[in-house]
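The structure under discussion appears below in the form of structure tokens.
The values are calculated or read from the model by the stated rules, or taken from the named source; none is laboratory data. Remember, it's a predicted structure, so these values are computed and weren't measured experimentally. FYI the Cβ positions are ideal-geometry reconstructions off the backbone, even for glycines, and counts take in every protein chain you see.
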Amino acid sequence: MSDPWGLAGQRALVTGASSGIGRATSVALVAAGCRIAVFGRNVEALRTLADDLGTDGCLPVAVDLSDPSAVESSVAAALEALGGIDIVVNNAGVGYRATLGETTLEQWDDTFAVNVRAPFLVCRAVLPAMLEQGHGVIVNVASVGGLIGIPSRAAYGASKAALISLTRSLTVDYAERGIRANCVAPGTTETPWVDRIVAGAPDPAELRRQMAERQIVGRLGTEAEIVDAILFLASPRATFLHGATVVVDGGYSVR
């Protein structure tokens with residue numbers, strides 16, 4: 001087992017772990033020598049992930065992250081099973097393809113429930129244990145959409161901007177007490193979620209071409225490229241990064 005990030009022996013919690021970036025992050029953390037708790041709604045996918053990684057190193061926890069009591073009990077179960085938590089990766093996210101005028105109240109509320117409320121609840125539940133042990137790392141997976149305007153992503157962009165601001169608040173409130181919080185802001189990335197968006201478009205091939213052309217490099221990012229940024233922020237290599245937003249977007253945001 002290789003440990004290029006210096007993470008061996010760490011205990012991690014990853015949300016939205018059933019697929020995409022969350023699943024890939026979970027696999028990478030275990031490969032680096034971490035024990036992890038994986039949170040998500042898809043029970044079967046979480047069990048499959050735990051089977052693939054080995055149940056000794058991976059605790060699957062099915063939870064509705066918008067439910068405060070469910071988050072508190074799930075974090076408590078993870079703390080007990082792992083003996084503490086050193087790293088939290090708030091990755092769970094949802095988004096709708098809609099302008100502000102097209103966005104329904106239900107879509108707005110759902111987006112903020114998952115993209116902002118859930119990280120708040122997870123952080124609030126895990127902070128007492130991190131503060132007691134005197135250290136902890138929080139990596140929030142935001143989006144380039146929280147930094148620049150993306151067409152037809154009104155609620156999504158607003159929620160990711162809020163997550164970036166929440167990360168800065170965590171920093172000013174807790175950095176002096178040993179908690180390090182940062183964001184990763186991916187550009188358009190090859191994930192099952194993006195695949196579903198493309199498949200639902202009137203012209204999937206044209207939408208995928210447009211998505212690729214957003215990036216200066218002319219392609220979508222890969223899960224591995226985002227995961228490397230997450231593990232870097234979680235690692236001892238990033239100890240002087242506090243409240244930062246690391247943009248991994250193939251140049252999308254600099255056009």
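Taking the range 98-115 as the range and being farther than 19 Å from I230 by Cβ, touching a helix residue (DSSP H, G or I) at 6+ places or on another chain (Cβ under 7 Å) and either among the β-branched types (V, I, T) or crowded, with 17+ Cβ neighbours inside 10 Å (or both) as the test, the residues that pass are A98, T99, T103, Q107, W108, T111, F112. No other residue among R124, R180, R153 is more than 20 Å from A92 (Cβ to Cβ) and charged (D, E, K, R) apart from R180.
Every condition in (1) under 22 Å from V71 (Cα atoms); (2) in a helix (DSSP H, G or I); (3) touching a strand residue (DSSP E or B) at 6+ places or on another chain (Cβ under 9 Å) holds for C183 except the one numbered (2). Highlighted here are the strands (runs of 3 or more DSSP E) found entirely within the range 1-71 that include at least 1 residues which are touching a Gly at 6+ places or on another chain (Cβ under 8 Å), hydroxyl-bearing (S, T, Y) and surrounded by 22 or more Cβ atoms within 10 Å (Cβ to Cβ): 11-15. Checking each residue in the range 158-174 for being touching a residue at least 24 places away in the same chain (Cβ under 8 Å) and of a type in the set (D, E, K, R) picks out K160, R168.
Taking the numbered list (1) more than 30 Å from A8 (Cβ to Cβ); (2) touching a residue at least 40 places away in the same chain (Cβ under 8 Å); (3) assigned to a loop (DSSP other than H, G, I, E, B) in turn, G101 passes all entries but (2).
The listed residues are Q215, Q210, and the only one of them that is of a type outside the set (S, T, Y), within 20 Å of L147 (Cα to Cα), modelled with pLDDT of 90 or more and over 15 Å from the mean Cα position of the chain (by Cα) turns out to be Q215. Scanning the range 43-72 for residues that are farther than 20 Å from G83 by Cβ, touching a helix residue (DSSP H, G or I) at 6+ places or on another chain (Cβ under 9 Å) and of a type in the set (D, E) turns up D52, D64, D67. Just one of the numbered conditions (1) farther than 11 Å from L13 by Cβ; (2) of a type in the set (D, E, K, R); (3) in contact (Cβ under 8 Å) with a residue 40 or more places away in the chain is not true of D56: (3).
For the range 154-195, filtering for residues that are within 15 Å of S253 (Cα to Cα) and modelled with pLDDT under 95 leaves 3. Of all the criteria given as (1) among the aromatic types (F, W, Y); (2) out of contact with any strand residue (DSSP E or B) (no Cβ under 9 Å at 6 or more places or on another chain); (3) closer than 30 Å to G149 by Cα, the one not satisfied by Y96 is (2). Here A37, A62 are screened, and the one residue that is over 24 Å from F232 (Cβ atoms), at pLDDT 95 or above and of a type outside the set (F, W, Y) is A62. The set of residues in the range 116-157 that are part of a helix (DSSP H, G or I), surrounded by fewer than 21 Cβ atoms within 10 Å (Cβ to Cβ), more than 14 Å from the chain's Cα centre (by Cα) and touching a residue at least 24 places away in the same chain (Cβ under 8 Å) comprises L127, A129, L131, Q133. Restricting attention to the range 216-235 and to residues that are touching a Gly at 6+ places or on another chain (Cβ under 9 Å) and small (G, A, S), the residue that is surrounded by the fewest Cβ atoms within 10 Å (Cβ to Cβ) turns out to be G218. One residue stands out among those in the range 166-195 that are over 15 Å from the mean Cα position of the chain (by Cα) and polar (S, T, N, Q): the one that is surrounded by the fewest Cβ atoms within 10 Å (Cβ to Cβ), which is S169.
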